[in-house]
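K.L.:
Structure incoming, see below.
The values are calculated or read from the model by the stated rules, or taken from the named source; none is laboratory data. This one's a predicted model, so the numbers in the text were calculated from it and none came from an experiment. Virtual Cβ from ideal backbone geometry, glycine too; neighbours counted across all protein chains shown. Just the protein is used for accessible areas: all its heavy atoms, side chains included, with ligands, DNA and RNA removed. Shrake-Rupley method; radii C 1.70, N 1.55, O 1.52, S 1.80 Å.
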Amino acid sequence: MASVMEIYQLLPKTNCKECGKSTCMAFAVDLLARKVTVDDCPPLVNEAKYKSGYEKLSSMITPVDGVTDTGLIVHDEKCIGCGNCVVACPVNVANDPLGAGSGKAPTSDKVIFKVEDGVVKARNVQECRRFGENRILCVACIDTCPTKAIEFV
Amino acid sequence: MGFGQFLAAPEIKLKVVTYRDVFQNTAQESSRFGEDYETLSAVIRLDLKDISKLSIKEGETVILRNGSGKVVVQAQKSGYEQAHPGIAYMVNSPWSNVLVPEDTGGTGVPKFKDFEVTVQSARGASVTGIKEIF
Amino acid sequence: MCTGCALLCDDIEVETEGDKVTVVHAACRKGVARMKGCSEPLECTVDAEGADMDTAIAKAASILRDAKNPLIFGHGNSSSEAQKISIGLARKTGAYIDDTSSFCQGPIVEAILQERLRTCTLDDVRHKADVIVFWGADPSNSHPRHLSRYSYFPRGKERQRGWEEDRKAITIDIRKSETAIICKDERFYQLPAGGDAEFMAALTNALSGKVPKTSFDLDSKRILGLSNIMKKAKFGAIFVGLGLVYSLEELDPLFALMDKLNEFSDFHLIPMVGQYNMRGFNHNLFAETGYINRLKFDGDSKELAHGPENSVVEVLRNKNIDAALIIGSDPLSSLPLSIARHLADIPLITIDPCNNLTTSRSAVTIPCALGGVESGGTAIRMDGVEVELKKIFDSDRLSDQEILKRITEAI
């Protein structure tokens, strides 16, 4: 997963404010969170000397439609449907111990992850441990993914 | 395709290790003759040092040759964090099988996962199609 | 039931429209592609011309009847019922019979059936295993749901606290596979190509309290660490992949390691069988003949010849066969080209749901139903457990079982 610093390094670092943000660092943070797109930085798009940075960022920050409230993104094209996240997610285990928690197809509507057509789908994300008042930095789904198809932004 | 054009390019000897890939396998379920299957199969993954020895760029084609046959595939970086010069990786496929030696020592089991090839740039040549393999 | 690989996942649900699978629940990417069917279904042909089923079956029967030394090969993607008919057909025609295990997991399955290696079921692994070893195997690519359904992540009867506390998964391989990455660096042992037997001997030494040495200078402390983890295991499982099978010239080092492990602990071994019913063929042939593969029937007498010289690879290399019947397999793709080439020179009959390189070179092609979707039957999972395949809907295509029965009757 890309870090803010990696993104920042590829930006012009001129703090020109053309994007409407006060600094390039602020832009990098928003870019990571998918609040802005690479194309929102005019110098990066227009100036030849930033071309390689533009290209690297464009492939790094893949556009996603389905950013959920917790910032959870599933990159469909990378997902192999192995179900590791389905079985490892502590919320799935708690809500469906005999289905998802035991390695089988989920049998409850309250699970967060479920594999459909060979790709994992996230739902009920308000249940995710990274969300809400008592949130914790749970990484069960990221750590168990063999293809880095899950990302939090 | 004439092979004279490649004579000038540097060539190196590599050990090839084959492996399995779920995306390539998925493409195979859909069609052995599909574009996806070729794109995901006709590839050799190389160490950065070997790429520079061959003076090629990632994405260009290379010709692989040994006593069993020859085949043109795309060269890619392996992406492994640990360097592995002298070793290259190929997905198990009809393309790698062109190069697997016939000799089995009578055991009935070919060396699918461990054989040697000579690699050379094939800049400009296209990847061998599955129907040309046979 | 998904027939994408020998895990034979039985928790799949599908949505259908007419005779098409539209949505598949719970199956992995590869399994979904299998269940939705290929984009180039096989046509019924004789000499590359469209033909009806009766003509194709009559032609297939005449090819097999005329052949002196036919080969019947494939079987990994067939139900046990079809495999048994195939064995009968080989007996009747005095054919060589073999399957893909001949150049894959055959030696391991054979050692298990001869009770030389201890094994267990995948359900045992889920409920009990605390130490899991993937050796020369990358299930994340070959059997995507292996870790989530059975071997690492699920909770089981004696493994209630989750994988982080309850299980240790180790990978031993020549490259850092996707499986190695999720099992973490400290549990990954990288070997040079062909170094498995030596590492196995070093590990066996470590278990006996000797200093483990390897010519490739793997840190002996790490090998001792691994031997300690394995010694303390309550229930251990080793999953053997093709990387290990191809690397070992003989199985003795593996037998020695397993015997040593079982002096201290309770270790089991399961082969990472690829095709969904490869193991079934081994079991079925073993039950009838005492051999798992690589057989030649003699038409007149009841004699059998068995051994590597009767393997698909050697009979092709030595050009011993004059016709072949291929069922649910694509040897022109999966065998070395230099060896497979002979197949294109002899009359070939293929039975398969889909077009492939072998069908494109066949005198007779007969389309069959897709196992587990359009036809049912029984199959044997990678761990030896027999399961029932239910068909999802009826199809115009005959099952391979039915086709083989009709060819047998026509001879």
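K.L.:
Assess whether B:VAL72 counts as being on the phi < 0 side of the Ramachandran plot, within 13 Å of the chain's Cα centre (by Cα) and within 9 Å of chain C (Cβ to nearest Cβ).
P.N.:
So B:VAL72 does not fit the description; no.
K.L.:
For region C:270-284, enumerate the residues that are within 15 Å of C:ASN77 (Cα to Cα) and either open to solvent by less than 30 Å² (accessible area, probe 1.4 Å) or hydroxyl-bearing (Ser, Thr, Tyr) (or both).
P.N.:
C:VAL273, C:TYR276, C:ASN277, C:MET278, C:ARG279, C:GLY280, C:PHE281, C:ASN282, C:ASN284
K.L.:
Enumerate the strands (runs of 3 or more DSSP E) found wholly within region B:25-105, keeping only those where 1 or more residues are in contact with a helix residue (DSSP H, G or I) (Cβ under 7 Å, 6 or more places away or on another chain).
P.N.:
Result: B:61-66, B:69-77, B:87-91.
K.L.:
Does C:ALA137 fit the bill of being in contact with a strand residue (DSSP E or B) (Cβ under 8 Å, 6 or more places away or on another chain), within 14 Å of chain A (Cβ to nearest Cβ) and among the hydrophobic types (A, V, I, L, M, F, W, C)?
P.N.:
In short, yes.
K.L.:
Now, a different point. State the number of residues belonging to region C:153-206 that are open to solvent by 60 Å² or more (accessible area, probe 1.4 Å), outside any helix (DSSP H, G or I) and more than 14 Å from chain A (Cβ to nearest Cβ).
P.N.:
Selection size over region C:153-206: 2.
K.L.:
Quick check: is even one residue across region A:109-123 in a helix (DSSP H, G or I) and within 12 Å of chain C (Cβ to nearest Cβ)?
P.N.:
No - not one qualifying residue is present in region A:109-123.
K.L.:
Also, quick follow-up: Name the single residue that is most open to solvent (accessible area, probe 1.4 Å) among those in region C:232-249 being assigned to a loop (DSSP other than H, G, I, E, B) and either within 8 Å of another protein chain (Cβ to nearest Cβ) or farther than 17 Å from C:PRO139 by Cβ (or both).
P.N.:
That would be C:GLU249.
K.L.:
Please specify each residue of region B:21-67 satisfying the condition of being free of Cβ contacts under 8 Å to residues at least 40 places away in the same chain and more than 14 Å from chain C (Cβ to nearest Cβ).
P.N.:
Across region B:21-67, the qualifying residues are B:THR39, B:LEU48, B:LYS49, B:ILE51, B:SER52, B:LYS57, B:GLU58, B:GLY59.
K.L.:
Another question about this same structure. Give me the residue from region C:333-362 that is buried (at least 21 other Cβ atoms within 10 Å of the Cβ) and among the β-branched types (Val, Ile, Thr) and, out of that set, nearest to the other protein chains (Cβ to nearest Cβ).
P.N.:
Once the filter is applied, the top-ranked residue is C:ILE339.
Residues are listed down the side, and each one gets a yes or a no for (1) touching a Pro at 6+ places or on another chain (Cβ under 8 Å); (2) within 22 Å of C:ARG149 (Cα to Cα); (3) open to solvent by less than 70 Å² (accessible area, probe 1.4 Å); (4) outside any helix (DSSP H, G or I):
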site	(1), (2), (3), (4)
A:CYS16	yes, no, yes, yes
A:SER22	no, no, no, yes
A:ASP39	no, no, no, no
A:LYS49	no, no, no, no
A:TYR54	no, no, yes, no
A:SER59	no, no, no, no
A:ASP76	no, yes, no, yes
A:ILE80	yes, yes, yes, yes
A:PRO106	no, yes, yes, yes
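K.L.:
Also, I was wondering about something else. Quick check, is C:GLY74 assigned by TED's automatic domain parsing to the domain that holds C:SER329 and open to solvent by less than 60 Å² (accessible area, probe 1.4 Å)?
P.N.:
Yes; evaluated as a whole, the condition is true for this residue.
K.L.:
Could I ask something else about it? Just the residues that are open to solvent by 50 Å² or more (accessible area, probe 1.4 Å) and part of a loop (DSSP other than H, G, I, E, B), please, taken from region A:82-104.
P.N.:
Scanning region A:82-104 gives A:PRO97, A:LEU98, A:LYS104.
K.L.:
Tell me the residue from C:ASP322, C:ASP330 that is within 13 Å of another protein chain (Cβ to nearest Cβ) and either within 18 Å of C:LEU42 (Cα to Cα) or more than 19 Å from the chain's Cα centre (by Cα) (or both), please.
P.N.:
Going through C:ASP322, C:ASP330 in turn, just one is within 13 Å of another protein chain (Cβ to nearest Cβ) and either within 18 Å of C:LEU42 (Cα to Cα) or more than 19 Å from the chain's Cα centre (by Cα) (or both): C:ASP330.
K.L.:
If you take the residues in region B:84-120 that are open to solvent by 10 Å² or more (accessible area, probe 1.4 Å) and small (Gly, Ala, Ser), which one is nearest to the other protein chains (Cβ to nearest Cβ)?
P.N.:
This residue is B:GLY106.
K.L.:
Can you name every residue in region A:142-153 that is outside any loop (DSSP other than H, G, I, E, B) and more than 11 Å from chain C (Cβ to nearest Cβ)?
P.N.:
Scanning region A:142-153 gives A:ILE150, A:GLU151, A:PHE152.
K.L.:
Looking at C:ASN284, C:ASN293, which is the one that is outside any strand (DSSP E or B) and within 14 Å of chain B (Cβ to nearest Cβ)?
P.N.:
C:ASN293
K.L.:
In addition: Tally time: how many residues in region C:81-99 are open to solvent by 10 Å² or more (accessible area, probe 1.4 Å) and either under 17 Å from C:VAL312 (Cα atoms) or without any contact (Cβ under 8 Å) to a residue 12 or more places away in the chain (or both)?
P.N.:
Residues meeting the conditions: 3.
K.L.:
Determine whether region B:10-19 contains at least one residue that is modelled with pLDDT under 95, more than 12 Å from chain C (Cβ to nearest Cβ), assigned to a loop (DSSP other than H, G, I, E, B) and surrounded by fewer than 18 Cβ atoms within 10 Å (Cβ to Cβ).
P.N.:
The answer is yes, given that some residue of region B:10-19 is modelled with pLDDT under 95, more than 12 Å from chain C (Cβ to nearest Cβ), assigned to a loop (DSSP other than H, G, I, E, B) and surrounded by fewer than 18 Cβ atoms within 10 Å (Cβ to Cβ).
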